[in-house]
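The values are calculated or read from the model by the stated rules, or taken from the named source; none is laboratory data. Just so it is clear, the model here is predicted, and its values are computed rather than measured. Neighbour counts run over all protein chains shown; Cβ positions are idealised from the backbone, glycine included. The area values use the complete protein model at the heavy-atom level, side chains included, leaving out ligands, DNA and RNA. Shrake-Rupley method; radii C 1.70, N 1.55, O 1.52, S 1.80 Å.
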Amino acid sequence: MDRQYYIFDADTHMSPYENFEGSIHAEQWEARMCAAGADRALAWLLPQGVRDVSESNAYLYENAKKNPRILPFGWANIKEGLEKAKRDVKTCLLEYGFKGVKLNGAQNEYYIDSPEALEVIRIIAEHGGMTAFHIGADYPEFTDPGRAAKAAGMFPEMPILMVHMGGAGDPDVSEAVIETARENPNMYLVGSAIGVDKVKRAIDILGPDRVLFGSDTPFYDAGKVKREYLRMLAAYDEETTAKVMGLNAKRLFGIEPEGNG
């Protein structure tokens, strides 16, 4: 019988809207996570067509109260105004109890090391949250890993999720992301929307403790991505596989030791 691992998907989206062809609401999200065999998953909003991130953050909060599989992360968009973004951070961390907040300079079109973005990140750090960045090749200027390194250096005690680890476009910039992470030990790479060969390289260079499985649901099929990961991880020992597929996330997010793993 195949070894059963605790599976944590570190990149999924859900939406209260149907204004984007790929939108999925909470019930559809749950069906996909069940089909993929995910014990738990980090979820944030689906940014396409969103004018007010507060509505989607509240939607995640309400559904996480009903569904323990959801580990919700907030979203702050400085294009909605700096003061609103700061309020959104405080609502997510202090009222909703989220683990962290995501900044997506690609979809929201801003530099992730702009003074406004760094001010939002300061608020996240002050309230004990984590920051997640979209780090992709789709908008490389806005989301260059060197820009994320500024936040990592300013707040070295704050974990930073490097979502897509330079993928989400061609050619990917994963080499630069891996090198940046090597210099910043508070960075964790989420290998979503990128080939598993690049995830393997990250494991080989950084070690297995700072790499997390992610599917980028609904843009990719979580079950298929999980199988690709497990095939790639067959070259490693079971401890490495268990860490990447879920135990790293369990440790990082302070998840109680339940279920598999």
(request) Order the following by accessible area, largest value first: K150, K99, K84. Probe radius 1.4 Å; ligands, DNA and RNA are ignored. (result) K150, K99, K84
(message) Using a 1.4 Å probe on the protein heavy atoms, what percent of the accessible area of the chain belongs to carbon and sulfur?
(response) 48
(request) In a Gaussian network model over the chain where Cα atoms closer than 10 Å are linked, find which of E21, E83, E238 has the largest mean-square fluctuation. (result) E21
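Using +1 on the beta carbon of Lys and Arg, -1 on that of Asp and Glu, and nothing else charged, what's the dipole of region 167-261 about the Cα centre, debye to 20?
Numbers: 12 positive and 16 negative charges, 29 e Å.
In total the dipole reaches around 140 debye.
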(request) Specify which residue in the list W29, N248, A43 is farthest towards the positive end of the charge dipole of the chain, using unit charges on the beta carbon of Lys, Arg (+1) and Asp, Glu (-1), about the Cα centre. (result) N248
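Please give the per residue accessible area of the chain, computed with a probe of 1.4 Å over protein heavy atoms only, in Å². Before the final figure, lay out each step's value.
Working: 11080 Å² over 261 residues.
Normalised by residue count, the accessible surface of the chain is 42 Å².
Dipole of the chain, Cα-centred, from +1 at each Lys and Arg C-beta and -1 at each Asp and Glu C-beta, to the nearest 20 debye?
Working: 29 positive and 40 negative charges, 101 e Å.
Taking the Cα centre of the chain as origin, the dipole is about 480 debye.
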(message) If I model region 18-89 as equal point scatterers sitting on the Cα atoms and use the Debye formula, what is log10 I(q)/I(0) at q = 0.14, 0.22, 0.26 Å⁻¹?
(response) -0.46, -0.99, -1.22
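Considering every pair of different Cα atoms, what Kirkwood radius, in Å, is found for region 162-259?
Numbers: mean 1/r = 0.0741 Å⁻¹.
Hydrodynamic radius (Kirkwood, Cα pairs) of region 162-259 is 13.5 Å.
Would you kindly calculate the translational diffusion coefficient of the chain, applying Stokes-Einstein with the Kirkwood radius from alpha carbon pairs, for 20 °C and a viscosity of 1.002 mPa s, and quote it in µm² s⁻¹ without decimals?
Working: Rh = 18.0 Å.
Estimated diffusion coefficient is 119 µm²/s.
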(request) May I ask you to list the lysines whose Cα is less than 20 Å away from that of K224, ignoring any residue fewer than eight positions away on the same chain? (result) K198, K200, K243
(request) Using Cα centres only, tell me the gap between region 19-80 and region 81-145 in whole Å. (result) 17
(message) Relative contact order for region 162-261: what percent, with Cα pairs under 8 Å and sequence separation of 6 or more?
(response) 22
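Dividing the alpha-carbon Rg of region 6-134 by 2.2 N^0.38 Å yields what? Display every interim value, and only then the final one.
On the way: Rg = 14.0 Å, N = 129, 2.2 N^0.38 = 13.9 Å.
Ratio of Rg to 2.2 N^0.38 Å for region 6-134: 1.01.
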